[in-house]
Amino acid sequence: MAQVRYRKLDELTDDEVYAAYEPPEPDWLRVNFVSSADGAATLEGLSGPLSGAEDKRVFKVLRARCDVLLAGSGTVRAEGYGPLVLSPDRSAWRRARGLPEVPVMAVVSRTAALDPAAGIFTEAPRRPILIVPADLPSDRTAPFREVADVIALGTGAVDLAAAVAALRERGLRQILCEGGPHVFGDLIAADLADELDLTLAPKLVGPGPIRIAAGHGDAAGERPAASEAIPLELRHVLEAGGNLILRYVRSSRGSAL
Ligand SMILES: NC(=O)c1ccc[n+]([C@@H]2O[C@H](COP(=O)([O-])OP(=O)(O)OC[C@H]3O[C@@H](n4cnc5c(N)ncnc54)[C@H](OP(=O)(O)O)[C@@H]3O)[C@@H](O)[C@H]2O)c1
């Protein structure tokens with residue numbers, strides 16, 4: 001097992017935080033979540049109240065590092081995602097590495113129950129992508145074709161393995177998924193996540209809220225039973241304000257780290 005590093009986030013420079021999240025391979029899918037210490041993914045229906053400036057620093061570095069930001073429509077709706085923009089210093093970091101100023105936004109939905117006039121589509125600096133099942137009636141996707149590239153894959157639900165392959169074919173090889181729990185559940189079912197970046201926030205929320213993975217794993221390529229848990233390796237722990245910011249990599253992947 002690779003050596004685990006324990007560090008205090010506020011002792012790290014920005015360059016060191018970027019370096020701490022160096023992707024080990026050109027094709028990489030990382031998932032980023034915050035959870036309360038007792039496993040809640042939301043407080044009052046949102047992730048924001050669990051989060052703080054500390055883990056937001058890592059959140060922003062992960063966004064700056066990706067080619068495409070993937071999110072489920074439930075997250076986009078609940079969290080009110082707007083156009084994907086980065087701060088000037090994050091965009092400058094990308095420019096210095098020959099990357100476009102911002103990543104592409106990609107939204108996964110079964111039903112396209114989103115507003116094509118919303119800023120996430122109409123004000124996006126780069127043309128977003130909407131990923132839907134191939135059997136979704138075309139009148140559902142037609143309003144989006146003006147404002148987004150529509151990728152249609154799978155029956156009943158998006159075939160996430162095919163969707164990941166389609167993003168990579170477009171050169172979007174570093175994928176950051178910000179959830180939500182149902183998309184993550186389907187990614188786990190299809191064994192597509194290479195990395196989980198998880199902030200454990202020092203809060204107890206109690207029973208009720210969803211955890212970070214949900215659903216029935218109904219994505220194509222489904223793997224059986226939770227009894228076959230996917231093993232992860234802990235690569236680092238950053239402590240900040242009582243938060244534990246954990247970087248887990250799927251065992252057998254990222255051996256170059
Ligand atoms: N703690 C955190 O870090 C964190 C992160 C993200 C979100 N959240 C919270 O999680 C909650 C939302 O949870 P959620 O599970 O509903 O979010 P979600 O996974 O973003 O959205 C679920 C929706 O995504 C679409 N979807 C998921 N898998 C799909 C597949 N294989 N094919 C096609 N579409 C698929 C469906 O869209 P349609 O409904 O459009 O058909 C589904 O209803 C919010 O309260 C949010 O604040 C927390």
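The values are calculated or read from the model by the stated rules, or taken from the named source; none is laboratory data. Computed from a predicted structure; not experimentally measured. No Cβ is skipped: glycine too gets one built from the backbone with ideal geometry, and neighbour counts run over all protein chains shown. Remember, those area values only see protein heavy atoms, side chains included, never the ligands or the DNA or RNA. Shrake-Rupley method; radii C 1.70, N 1.55, O 1.52, S 1.80 Å.
Would you please classify the overall shape of the range 117-164 from the alpha carbon gyration tensor, given that a ≥ b ≥ c denote the square roots of the eigenvalues, rounded means a/c under 1.5, and beyond that prolate means a/b larger than b/c while oblate covers the rest? Oblate, since a/c reaches 1.5 and b/c is not below a/b. Amide H contacts of ASP159 (H built 1.01 Å from N, in plane; Pro and chain starts excluded): LEU153, GLY154 sit under 5 Å, all sequence-distant by 5 or more or on other chains. Subtracting the Cα-Cα distance of GLU169 and GLU101 from 0.36 nm times their residue separation leaves 22.5 nm of extension gain.
At a 10 angstrom cut-off on C-beta neighbours, averaged per residue, how do the peptides 107-119, 61-73 rank from highest to lowest? Present the calculation step by step, with values, prior to reporting the outcome.
On the way: 107-119: 17.3, 61-73: 22.2.
Descending mean neighbour count gives 61-73, 107-119.
Within the accessible surface of the range 1-156, defined with a 1.4 Å probe on protein heavy atoms only, the carbon and sulfur portion equals 51 percent.
Between the beta carbons of ALA53 and ALA142, assuming R0 = 51 Å, the FRET efficiency works out to 0.75 to the nearest 0.05. Heavy-atom accessible surface of the chain, averaged per residue, reaches 45 Å², computed with a 1.4 Å probe. For the pair TYR6 and ALA113, label points projected 7 Å from Cα toward Cβ lie 4.5 nm apart.
Between ASP197, ASP55, ASP139, the residue with the greatest mean-square fluctuation in the GNM of the chain (Cα pairs under 10 Å linked by springs) is ASP139.
What number comes out for the charge environment of GLY241, summing +1 per Lys or Arg and -1 per Asp or Glu over other residues with Cβ under 12 Å away? Here the charged neighbours net out to 0.
For ASP135 and LEU244, FRET efficiency with R0 = 41 Å and r from the beta-carbon atoms, rounded to 0.05? My answer for the efficiency is 0.45. Between amide H atoms placed 1.01 Å from N, distances below 5 Å from ILE131 occur with VAL107, VAL108, SER109, ILE151, all of them 5 or more places distant or on a separate chain. Within the listed set VAL76, VAL183, VAL34, the residue fluctuating most in the Gaussian network model of the chain (springs between alpha-carbon atoms under 10 angstrom) is VAL76. Anyone know which of ARG211, ARG30, ARG95 comes out most mobile in the 10 Å Cα GNM of the chain? Highest fluctuation among the options: ARG95. Other residues whose C-beta falls under 11 angstrom from the C-beta of ARG173 contribute a net charge of -2, scoring Lys and Arg +1 and Asp and Glu -1.
Over all directions, what mean area does the Cα convex hull of the chain project, stated in square nanometres?
Details: hull surface 54.1 nm².
Over every viewing direction, the Cα hull of the chain projects on average to 13.5 nm².
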